[in-house]
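The values are calculated or read from the model by the stated rules, or taken from the named source; none is laboratory data. No experiment lies behind these values; they were computed from the predicted model shown. Positions of Cβ are generated from backbone atoms using ideal geometry, with glycine treated the same way; all protein chains shown enter the neighbour counts. Calculation scope for accessible area: heavy atoms of the full protein, side chains included, ligands and nucleic acids excluded. Shrake-Rupley method; radii C 1.70, N 1.55, O 1.52, S 1.80 Å.
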Amino acid sequence: MKAIEVKDLTRKFGDFTAVDHISFDVSKGEIFGFLGANGAGKTTAMRMLCGLLKPSSGEGRVAGFDINLQSEEIKKNIGYMSQKFSLYNDLTARENILFYGGLYDIPYKELKIKSERLLDRLGLGPYANKLLRDYPLGWKQKLAFSVAIQHQPMIVFLDEPTGGVDPITRRQFWDMIYESAEGGLTVFVTTHYMDEAEYCHRVCIMVDGRIAAMDTPQSLKKKYESQNMDEVFRKLARGAVRSPDVPGRGKR
Amino acid sequence: MTIKEFKHVLRDPRSLFFLLAQPVMLMLLFGFALSNEVKESRVAIIDQARDEETKKLTDRLDQSEYFDVMGHYADPSVVPALFEKGAARLAIVFPPHFANDLEHLNAGQIQVLADASDPNTAAIATSYASAIFGAYQDELLGLMKLPYKINIETRMLYNPQLVSAFSFVPGVMTLILTILCTMMTSVAIVREKELGTLEVLLASPMHPMQIVVSKAVPYLVLAMIDVAVILLLAVYVLGVPIRGSLFLLMAENTLYISNTLALGLLVSTITEKQQVAMFVSLVGFMLPALLFSGFMFPIENMPWPLQWISHAVPTRWYYRIVNAIMIKGLGLASIWKETLILAVMTLGLLVLAVKKFKVRLL
């Protein structure tokens, strides 16, 4: 079974087609990069896969469940981390872990043990009772990722998870992602940092709501005769009609 | 620079509307509608004399712009019922043989009964009535050169000392609930939108309704505590009685709180920023609640379009309910209509809010 299978997925907002007949699939344990300029439709596509948005047409299965009919089931089997780290600044690290774990019906006793283990593993043990607002950004981000996968989902969706984080922390963050993928987790990540695209097993580049290219970073670079992913992206995005800052469309 | 600024303003029809419409609205409201004068108070006439003099006095009242005779009755015992229904604010009782007494004893008795659950209005209306009777007495004096005297006996029902706290307590309760619930709920949900956490919550297996309800519960509890504090203060510090059933009062409070929470939810679905949510709750709901509840300005004196609008403001109905239970000591039988209206409004708002909430996020 594929982790994600999508066929002709489309979403319109009025006259505006944010996502236009995209088809792809993602294997289990794969790190799948979803690239595109702002407004290219990545967030919209991801929201449909997560059951946050109903597709206008097309079909797809996430974790084996139909995105048109079984969004409840999908939600139980995925993790989601949004652009803004999405943890509560006025709760402590421990409270955040317990709260999000509770959302996924992890039994409280088990959750208690797990959360302590998680805090230890992240080296946050001594700071577990500090409010999150006092944490450095990099820590928050790691915590957010750990929280997003603590219910052991089949797939985790990361929506531009590394925005505003320094390169070293970003590198460490990707180490975490690799580690989890080796354990069988499927990672679906959107980003506009092209150096990050190199870390993905396979990338899909979206331009104007359509898939412009999809392959491993190596073959893409070869095919478009480029030194790096940045060049590939620029060659593909040159023909884009939508300006990168279509007001608010792709976002919400 | 200035041109650019003008363009900003002109291209944002909402702020343009606020800028231009607000002064107009406020001027009109304060100028016409919100006078503290009490006009066209409905007055019941209990005429036990039915003679020339009482007829003349009744006509005087009816002709003045301050009173509107709503009915004639034979027995003063109907008065409490009329007040409870809100059919009359004032009742004038002429005893039997009024003209006779006036002629032979040179003294007539008039009793003025007022519904003082709204003390300001009661005091004002009563003084108008006294003035009208006084003028009539002066005319008689001038005409007959005889020391005619009309004695006016005033009785304030429900609130004999005209304690203003009586009308204040329901009013303050109304305001606090409106502010607390509407604003806090809307801000709480919009805050999560801003943080991006709402999205994560929605991506979890929690049902959207569960999320909304669990966000509203703390504010419901807080609001209940507020109500309890206000009531305790009212009873033990200000000496305002709770004449009706406490249970009924709390039940109605819960209903109104749900109403304001639904409003807050509705606000949160249409706004993206905390400040906007706060602004909309304040201007959009606080102000009408304040103006149209009947707490500060009698609704009867407003021009009919505003009276009509006031029907759509939940606060108006809630204020009437609280006033009726606390000050007049009425039971559900007398306020079932207001309760029903409030319940229907609440249900409607909830359905609308939930629908909007889902549409925005799905």
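What is the antiparallel percent of DSSP beta bridges lying wholly in the protein assembly as shown, to the nearest 5?
The answer is about 40 percent antiparallel.
According to a simple spin-label model (label point 7 Å from Cα along Cα-to-Cβ), what is the distance in nm between B:Leu105 and A:Glu231?
Between A:Glu231 and B:Leu105, the label points sit 11.5 nm apart.
How big is the B-A contact in terms of buried accessible area, both chains counted, 1.4 Å probe, rounded to the nearest 100 Å²?
Using a 1.4 Å probe, the pair buries roughly 1900 Å².
With +1 on each Lys and Arg Cβ and -1 on each Asp and Glu Cβ, how big is the dipole of segment B:41-157 about its Cα centre, in debye rounded to the nearest 20?
120 debye
In Å, the Kirkwood hydrodynamic radius of segment A:64-148 over pairs of distinct alpha carbons?
One over the average 1/r among Cα pairs gives 13.6 Å for segment A:64-148.
List the residues of segment B:203-240 for which accessible area in the full set of protein chains is at least 50 Å² lower than for the chain on its own; 1.4 Å probe, protein heavy atoms only.
When all protein chains are present, B:Ala203, B:Pro205 each give up 50 Å² or more of accessible surface.
Could you work out the mean count of beta carbons from other protein chains within 10 Å of each residue's beta carbon in B:193-199?
Taking the mean over all residues of the peptide, I get 6.
What list of ³J(HN,Hα) values in whole Hz, one per residue of segment B:341-348 in order, does the Karplus curve 6.51 cos²θ - 1.76 cosθ + 1.60 (θ = phi - 60°) give from phi, with Gly and Pro shown as x?
After applying 6.51 cos²θ - 1.76 cosθ + 1.60, I find 4, 4, 5, 5, 4, 4, 4, x Hz.
Distance check, please: which entries in B:Lys149/B:Lys328; A:Lys142/B:Lys355; A:Lys28/A:Lys75; A:Lys2/A:Lys75 exceed 25 angstrom between their Cα atoms?
Too far apart for the 25 Å limit: B:Lys149/B:Lys328; A:Lys142/B:Lys355.
Is there a simple number for the mean count of other chain Cβ atoms within 10 Å of the Cβ of residues in A:51-62, and what is it?
Shielding by partners across A:51-62 averages 1.
What size of dipole, in debye to the nearest 20, comes out for the protein assembly as shown about its Cα centre when the only charges are +1 on Lys and Arg C-beta atoms and -1 on Asp and Glu C-beta atoms?
About 2060 debye.
Over the Cα atoms of segment B:165-361, what is the Rg over Rh ratio if Rh follows Kirkwood?
1.00
Rg to Rh for the protein assembly as shown: what is it, with Cα atoms only and Rh by Kirkwood?
1.18
Give me, ordered by chain and number, the residues 5 or more places off A:Ala213 or on other chains with an amide H under 5 Å from its own placed amide H.
Here the answer is A:Ile205, since their amide H atoms fall under 5 Å of that of A:Ala213.
Placing +1 at every Lys and Arg Cβ and -1 at every Asp and Glu Cβ, with all other atoms neutral, what dipole size does segment B:165-361 have around its Cα centre, in debye to the nearest 20?
Using only the charged Cβ atoms, the result is roughly 240 debye.
Put +1 on the Cβ of each Lys and Arg and -1 on the Cβ of each Asp and Glu in the protein assembly as shown; which of B:Thr178, B:Met224, A:Leu118 then has its Cα farthest toward the positive end of the dipole?
Checking the options against the dipole of the protein assembly as shown, the answer is A:Leu118.
May I ask for log10 I(q)/I(0) of segment B:41-157 at q = 0.17 Å⁻¹, from a Debye sum over the Cα atoms as equal point scatterers with solvent left out?
At q = 0.17 Å⁻¹ the computed log10 ratios are -0.77.
Per residue, how much accessible surface does segment A:87-152 expose to a 1.4 Å probe? Answer in Å², no decimals.
Value returned for segment A:87-152: 51 Å² of accessible area per residue.
Peptides A:121-134, B:83-96: what's the order by average Cβ count within 10 Å, highest mean first?
Final packing ranking: B:83-96, A:121-134.
Can you tell me the length gained on complete extension of the stretch B:Leu332 to B:Val69, counting 0.36 nm per residue apart and subtracting the Cα distance?
My answer for the length gained is 91.9 nm.
By per-residue mean of other Cβ atoms within 10 Å, what is the highest-first order of B:265-271, B:188-194?
Those peptides, ordered most packed to least, come out B:265-271, B:188-194.
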